[in-house]
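The values are calculated or read from the model by the stated rules, or taken from the named source; none is laboratory data. It should be emphasised that the depicted structure is a prediction, and the values quoted were computed from it without experimental measurement. In this analysis, Cβ positions are derived from the backbone assuming ideal geometry, glycine residues included, and neighbour counts consider all displayed protein chains.
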Amino acid sequence: MKSTEVDQGLFTDSYCKVCSAQLISESQRVAHYEFLGDVLRHKQPGS
């Protein structure tokens, strides 16, 4: 499974289902998803 397939189910443009965070601005979304991506990569086995 590709990460983009997983990512689509985890968040939308205005809401992060992983954190239950409401994301208001574009800069907030970008920062949140960059951080979240780093966290998810580090949780994968073998990382």
#### Entry: Residues that are over 17 Å from GLY9 (Cβ atoms), loosely packed, with under 13 Cβ neighbours inside 10 Å and not charged (D, E, K, R), drawn from region 20-44
GLN22, ILE24, SER25, SER27, VAL30, ALA31, PHE35, HIS42
### Query
Residues in region 17-26: is at least one at pLDDT 75 or above, on the phi > 0 side of the Ramachandran plot and polar (S, T, N, Q)?
yes
